[in-house]
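The values are calculated or read from the model by the stated rules, or taken from the named source; none is laboratory data. Given the structure is predicted, the values throughout are model-derived calculations rather than measurements. Here the Cβ is made from the backbone with ideal geometry for all residues, glycine too, and neighbour counts use every protein chain on show. Just so you know, the surface numbers come from the protein's heavy atoms only, side chains and all, with ligands and any DNA or RNA stripped out. Shrake-Rupley method; radii C 1.70, N 1.55, O 1.52, S 1.80 Å.
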Amino acid sequence: MKNKGFFSKVLFIENLKRFWPLAFVGFVICFLSGPMSVIRSGAKNGVRFALIDLNLGYMFVALTLSVAAAVCVFGYLQKVSSVSVMHSMPFSRRSLYVTSYLSGLFIALLPMILTLLTLVVLRKPVYPDSDSYWYLGLTTSLGKEITGDVFSFGMLLRWFAGQFVLIAFSYSVSVLAGIISGNTVIHALTACGLNAIVPALYGLYLLYRELFLWGVPASDLNTSVLLKMHPVFSYLSGGLGPFGLSKPWNSSIYAYVAVTIAVTLLGFLLYRIRPLERATDSYVFRPVSYLITALLVLCFGSIIGMIMNEVTGGYSGYIIGSVASFVAAEMIVRKTTRIVSRESLISLVLCAAMMTLMVGGFAMDLFGIEDVIPKAESIESVNFNDWVSSMNSLTADNEKSIEDIRALHSVIIGNKEFLKNRNGAEGSAKFMIGDKAYDPEEENWTGVKFVYQLKNGGMLTRQYDVPVRMLAESKELQAAYLDTDNYITGADIMRFDPEKLDVGFWFDRYEQPDPNADGSFVEYSNSGMLSTEQKAALIEAVAKDCDEFRNDISKIYEWRTRNDAGIAYGYLHMGNRISEAEYKAEMARGLSFSELYRVSEISEKSDDVTRTEYERTCDLDLSKCGDNVEAVLLRFLEEIPELRENATRQ
């Protein structure tokens, strides 16, 4: 009489007796990866390796044991003799599935359970201090620095919870792979493939966008989406460790649990209708065969096509890659080289339609991705910058400046047919933007980048090549510079105190005292060469350039021909120590010039005492500076003998 329950203790114990070596090997690796470091280095230093989020030993055991346990425990399904014997025994199908599932999950989890118990035995209170540099920056969901015991029972349980989520998710997917497959090798390969398929398809989607869509860069990767696709990404980014579980975005853990339950139930339903007589086939369900073939053609056909496209151009690579991938996939799925059949014809039609839609859809932008501009009400802020100057990056975060940047973006998209083909044969033709005529061969071009931060936490990035003159004459961009609240002004620069100013610069000139010299090089690092008056003049020059650039953006985009007295390239650094109140005020304002102008918190340690100070700095690329800064530096070269002598020695 068959067992009508959901669980068989006898079968559970039998599986443990047969496959315990998997758990033993896994525990040895985990022990060497974690607890051993506590034993050798002590709790204070060893806990770093025992509980650190990115522990490759733990991750290796979690992933490999999840697949291995599923392959071993459900291995009886892949042989005609064993599947017949198991289903003739007094176990119902539901009892076989549930018991096999739980016993395999226990085997996969057992190394982590033993590691947890070992760490509990070795546990000693560990509190962050000034010597524990690696603890700095660990935060709770409230954004406060962790000051309590980092080797507590709570931290250990949170570490185990992260391991449990990773293993349960990967194991459930691997079990589903065993239910739909018909032999052991295919089961193992399918388990690995299904665990990777969603991130792989997302990566393929990004590649298609970058290759075929104008203005869509690879950096337009939605990290928050990627992190939700598999727990291993959260593990690699620190999301499933004892500290990572407290991060707000780890609400995705609930999604992992939901998917794990859904996949487990799907496996249960498919197990109940699985045709036992198809054991040893590659896949036991016909629709699954079509799906696997389509996925293989999509992935490998696309990759081959992209590689060949770099060499030959056109779409022939996608055709060749799709055909080759289809033939190989069909031979794997059908387990024969004789793939001419009705099923193969159906699969061929489905794959051809899929690849045509994929390649053609992106090539012709049928989905309208190139023309997407976020709605103003959905935008939190938008950052605009280009490659011309270090003094023209701005962040629009109020209604007027956001609308200005959207208007500029609309102008670029409205002329995409001219801008996107400028390097091709069609791009040599002159074109109009508004009432301005442009000749692609005579224009100077620059890259521009829009980064939209959306109110829902998402991000959209677009990047284009445009004529520099188009930006210099843009009314929309000029309005954005004037309307934004956080663009740096001359008043911000004038906050530097010349009496306390640290200055460092070097620059190269075209003027050559020695005709055989490669260049004139000047170095200066606050050696006392500049007087207070000269420092004040330098501050004032930077301030004037900032205001001139903001009030007349055409100055930013001037492509000046340097004369013999000009600066070819160089670098300027100015720094001041400031008060905590000044630091907090400027941080609250959120100035957009993270590269040019910023305020920083500095921690210095001396005599075991950590002292915190605050600094205001300005770093300027002199090859993109304004006339005022250039004039002051060249004047210094004439006024200061030490600088002039240093230059003429080159």
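Numerical summary
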read-out	value
Phi-based couplings in Hz for the stretch 96-107 (Karplus 6.51, -1.76, 1.60; Gly and Pro marked x)	4, 5, 4, 5, 5, 4, 5, 5, x, 5, 5, 4
Label-point separation, ARG272 to SER41 (7 Å along Cα→Cβ), nm	5.1 nm
Solvent exposure, largest accessible area first (probe 1.4 Å, DNA, RNA and ligands not counted), of MET470, MET494	MET494, MET470
Where ARG272, ARG40, ARG550 fall by accessible area, highest first, once all protein chains stay in place (1.4 Å)	ARG40, ARG272, ARG550
Surface accessible to a 1.4 Å probe, ASP627 within the full protein complex, Å²	80 Å²
Accessible area (Å², 1.4 Å probe, nearest 10) - LEU122	50 Å²
LEU270, LEU109, ranked by accessible area, largest first (probe 1.4 Å)	LEU270, LEU109
From phi via Karplus (6.51, -1.76, 1.60), per-residue ³J(HN,Hα) for the stretch 300-307 in Hz, x at Gly/Pro	6, x, 5, 5, 4, x, 5, 5
Charge dipole (debye, nearest 20) of the stretch 1-113; +1 at Cβ of Lys and Arg, -1 at Cβ of Asp and Glu	280 debye
Loop chymotrypsin sites (Phe, Trp or Tyr not before Pro), the stretch 317-419, which have at most 15 other Cβ atoms in a 10 Å radius of their Cβ (DSSP)	PHE367, TRP387
Accessible area (Å², 1.4 Å probe, nearest 10) - ARG589	90 Å²
Entries in LYS475/LYS584; LYS375/LYS584; LYS228/LYS375; LYS449/LYS500; LYS449/LYS555; LYS449/LYS475 that, when Cα-Cα distance is taken, lie over 28 Å	LYS475/LYS584; LYS375/LYS584; LYS449/LYS500
LEU157/ARG635 FRET efficiency (R0 60 Å; Cβ-Cβ; nearest 0.05)	0.35
Spin-label pair ILE346/ASP497, simplified geometry with 7 Å Cα→Cβ offset, distance in nm	8.1 nm
Two-site label geometry, ASP439 and SER88: point separation in nm, points 7 Å out along Cα→Cβ	9.0 nm
